[in-house]
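Trainee: Have a look at this one.
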Amino acid sequence: MEMYEQDHSFSRRKTARLTTILAMLLLGLFAINSPATNAATGSSSSTVSQLQQSSNSAIADVAAEANPATVTVYNLQPQQNQFGDQSSTDVVPVGSGSGYIIDETGHVVTNNHVVEGGAAFEVRFEDGTMVNATLVGTDAFQDVAVLQLDLSEGQTVPGTVQFGDSSELRVGDEVIAIGSPFGEYANTVTAGIVNAVDRSLDTGEGYLMPNLIQHDADIYPGNSGGPLFNDAGEVVGMNVAKAVAPTLGNTTEQTNIGFAIEGNEVKEIVDELIADGSVARSYLGIRTELTVNGQSIVSIEPNGPVADAGLQVGDVVLKVDGDAITEENPFINELIFDHKPGEVVDLSIERNGESLTIPVTLGERPADTQ
C-alpha cells in the first residue's frame, strides 16, 4: 500500500540541509550504472549514444529558455513563540515552493498548499532578485494558486513560459521538471518520462484529486508548484505530490513516482482565477457521510441551494445523474469536478427502502467552504 504526501513541496528551511545530505547520499548510492554495451555491432551503440546526446541537448535547451521564468515562492506568516502563539506582527518565511511566470504582467502560478495561510509572499528570480507578490486567488480542490508580482516602476519580468496541450502527452514522452528543492537549490532541472496519465490521489478530505500526470522526473521538498515541461519547452503540468512507500518503524521511503496536475486543467483554473479571483465550484448546502449504501444526508442548510428541493435528513444519495457514488467516484468529486453551479442534476436516493429521483439545481460553493 502506498501513501501520498504534498508537503514535500512546502519545505521547512530549518531542516533542509540535513534532509538534503541524506537525499544526496541515497542518490549517490543508487545512481551508479554500468556502461551500456552492445555485443552485436558498434554502430548500434553509437546510435544510442547519439540519441542520448540529442535528448540531453533538448533538455538543456528547455532549461535555458524556461529557467528565467521559473521562480521560488516564499510563504510569510506572523512570527510565533515556542507555544505556537503569534508573538509579533512581523512576518517571517515559514516555507517555500516553486512557481512559474506566465505573462509580462507578472502572474505567477503555483500550488495552493504552497501559499496556504500566508500573510505575505516573496518571489525569488533565478538571478536572486527578490520581489514581493500578492495573492490573486486559489482553488484548494485542484491545488492551484495565482500570485501577482509587485513590480516596481520600469521593472520587467525576467521571462515567461507558455502552456502546451497536455492532452497530447503520451505514456513514454519525455518531461522536464524545474523547481527549488528545499527552498535552497533554485532552478534545479531533472528529466524523466510520463509513466501514466489521468491519475487521481486520495486527499484524505473526502475526495480524490483528479487530472494528474504520473512521471519519474526527480522532485524533492520545494518542487511543488514548479512546472513540468514537454520537450518543446511548453508547460504541460505542475508538480504537486510524490508517492512514498511505508517502511518498518513508521517511516517512509522515497519513491521515483511523482505527480503533476495536467497543464490544460491548470490553465483553465488560472484563467478563471485571474478573471474572477476565484473558481466557481458546485454546492448543495448539505452535510453528508459515507455509508455502506451511499452518501447519507446528515443535515441540510435552511437557506442553502437545495433547502426546498425535497431532500430529507437520512436520505442516502446513490447516484448523481446516473453515476454511482463509490470510493472510486466520491460524492464530492461528482459535484465539484463533474458539474458546475446552475446545472440541474438528478439525485437518485433511497428513503426508508424506497427509491426516488429528485432534481436539484446546484448552487455555488462559498469561498470559505472546503
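Every number in this text was worked out from the coordinates using simple rules, so none of it is lab data. In this text the structure is predicted, and so the values were computed from the model without any measurement. Cβ: placed from backbone, ideal geometry, glycine included. Neighbour counts: every protein chain shown.
Trainee: Could you compute the FRET efficiency for residue 90 and residue 185, with r as their C-beta to C-beta distance and R0 at 25 Å, rounded to 0.05? Mind dumping the intermediate values first?
Mentor: Values: r = 27 Å, r/R0 = 1.08.
Calculated transfer efficiency: 0.40.
Trainee: Order of 123, 189 from fewest to most other C-beta atoms within 10 Å?
Mentor: Values: 123 22, 189 19.
Ranking 123, 189 by Cβ neighbours within 10 Å, fewest first, gives 189, 123.
Trainee: Working out 0.36 nm times the residue gap between residue 324 and residue 198, then minus their Cα-Cα distance, what length gain in nm do you get to one decimal?
Mentor: On the way: separation 126, 0.36 × 126 = 45.36 nm, distance 1.95 nm.
Answer, rounded to one decimal: 43.4 nm.
Trainee: Using a basic spin-label model with each label point 7 Å from the Cα along Cα→Cβ, how many nm lie between residue 308 and residue 251?
Mentor: Going from the residue 308 label point to the residue 251 one covers 6.2 nm.
Trainee: Right, here's the next one. Taking 8 Å as the Cα distance limit and 6 or more residues as the minimum spacing, I'd like the relative contact order of the range 274-370 as a percentage. Before the final figure, lay out the partial values.
Mentor: Details: 176 pairs, mean separation 30.1, N = 97.
With pairs under 8 Å counted, the relative contact order is 31 percent.
Trainee: Compute the length gained on full extension between residue 299 and residue 367: take 0.36 nm times their separation in residues and subtract their Cα-Cα distance, giving the result in nm to one decimal.
Mentor: Working: separation 68, 0.36 × 68 = 24.48 nm, distance 2.01 nm.
22.5 nm is the gain from fully extending residue 299 to residue 367.
Trainee: If you don't mind, there's one more thing I want to ask. Quick one: which residues, 5+ away or cross-chain, put their amide H under 5 Å from the amide H of residue 343? H built at 1.01 Å from N.
Mentor: 362
Trainee: Apply the Karplus curve 6.51 cos²θ - 1.76 cosθ + 1.60, θ = phi - 60°, to the phi angles in the range 60-74 and return the couplings in whole Hz, x for Gly and Pro.
Mentor: Working through the residues one at a time gives 4, 5, 4, 4, 4, 6, 8, 4, x, 9, 9, 10, 9, 10, 10 Hz.
Trainee: Tell me, in nm to one decimal, what length is gained between residue 61 and residue 119 on full extension, where the rule is 0.36 nm per residue of separation less the Cα-Cα distance?
Mentor: On the way: separation 58, 0.36 × 58 = 20.88 nm, distance 3.67 nm.
Taking residue 61 through residue 119 to full extension adds about 17.2 nm, to one decimal.
Trainee: To continue, here is another question. For the range 282-364, take every pair of Cα atoms, bin their distances at 10 Å starting from 0, and report each bin as a whole percent.
Mentor: 19, 60, 20, 0
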